[in-house]
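What follows is one structure encoded as structure tokens, with my remarks underneath.
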Amino acid sequence: MRSIPLSRATRGGLSVVLALACAPPAHAQVESFAAVANVAGETPVTVLVQRYTSDRERKTLIEALKKGSGTARALLMKGPDLGSIQIGEHRTAIKYVYARPAVAGRQVTAVTAAPIVMGDQKRPTAGYDFGLVLLDLDPSGRGRGDLVPATKIRVLEDGAFETENDNGVVVHLSNVTAVKRTEPR
């Protein structure tokens, strides 16, 4: 399996490249992750996944992104909420969440169809319409992550997502832990 770097600097900002490599099929399940963001002190973050994105849904999003971010955002907005990202009192709906095997465990990528609200942050620059959470987990369910409150997303020729972050803002998540995983009835 080829390892793809998780981040690289572009145009003075940070870009996160998200591989859309082969992954297990989506399963209807509930899984939650707890983490700590260092924003104005230690802020708890909860990522709740009610259902993972299927390979077919992933392909549909890739095609929409190739047509432009407006098309992709419209597709995500009309789709179901697949979970949520909660930071303090603010909750943002997840519209795309995909898990794939990684070199040392698995990687979970969550995308929102609106910027992720974090406390009293300034309004994002126009065109940075998505939010992103990237979690890297070891086999025990522990790891680290990154949260990008506002980003643009493009698709590269190899099918990977490339993001351009608003003002280079990336919030590092520590103490990431898979808290609960259950199969719904």
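Rundown of residues vs (1) among the polar types (S, T, N, Q); (2) farther than 21 Å from Gly41 by Cβ; (3) touching a Phe, Trp or Tyr at 6+ places or on another chain (Cβ under 7 Å); (4) modelled with pLDDT of 95 or more, yes/no style:
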residue: Tyr128; (1), (2), (3), (4): no, yes, no, no
residue: Glu157; (1), (2), (3), (4): no, yes, no, no
residue: Asn165; (1), (2), (3), (4): yes, yes, no, no
residue: Ser174; (1), (2), (3), (4): yes, no, no, yes
residue: Pro184; (1), (2), (3), (4): no, yes, no, no
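Within the stretch 146-167, the set of residues being in contact with a strand residue (DSSP E or B) (Cβ under 6 Å, 6 or more places away or on another chain) and of a type in the set (Val, Ile, Thr) comprises Val148, Thr151, Ile153, Thr163. Selection of the stretch 30-87 for residues being hydrophobic (A, V, I, L, M, F, W, C) and assigned to a loop (DSSP other than H, G, I, E, B) yields Val39, Ala40, Leu82. Restricting attention to the stretch 121-150, the residues that are within 16 Å of Leu76 (Cβ to Cβ) and either of a type in the set (A, V, I, L, M) or touching a Gly at 6+ places or on another chain (Cβ under 7 Å) (or both) total 4.
With respect to being of a type outside the set (Phe, Trp, Tyr) and closer than 21 Å to Ala37 by Cβ, Gly159 falls outside the description. If you filter the stretch 100-120 down to residues that are touching a strand residue (DSSP E or B) at 6+ places or on another chain (Cβ under 6 Å) and farther than 20 Å from Ala72 by Cβ, you find that the one that is modelled with the lowest pLDDT is Met118. Working only within the stretch 29-54, note down all residues that are small (Gly, Ala, Ser) and more than 12 Å from Leu135 (Cα to Cα). The answer is Ala37, Ala40, Gly41, Ser54. Can you work out which of the residues in the stretch 94-135 that are of a type in the set (S, T, N, Q) and touching an Asp or Glu at 6+ places or on another chain (Cβ under 8 Å) is farthest from Leu48 (Cα to Cα)? Checking each candidate, the answer is Thr125.
So, of the residues in the stretch 60-90 that are closer than 12 Å to Ile153 by Cα and polar (S, T, N, Q), which turns out to be surrounded by the fewest Cβ atoms within 10 Å (Cβ to Cβ)? Per the stated criteria, the residue is Thr71.
The values are calculated or read from the model by the stated rules, or taken from the named source; none is laboratory data. This is a predicted model, so every value here is computed, not measured. Because the Cβ atoms are built from the backbone with ideal geometry, glycine has one as well, and the counts that use them run over all protein chains shown.
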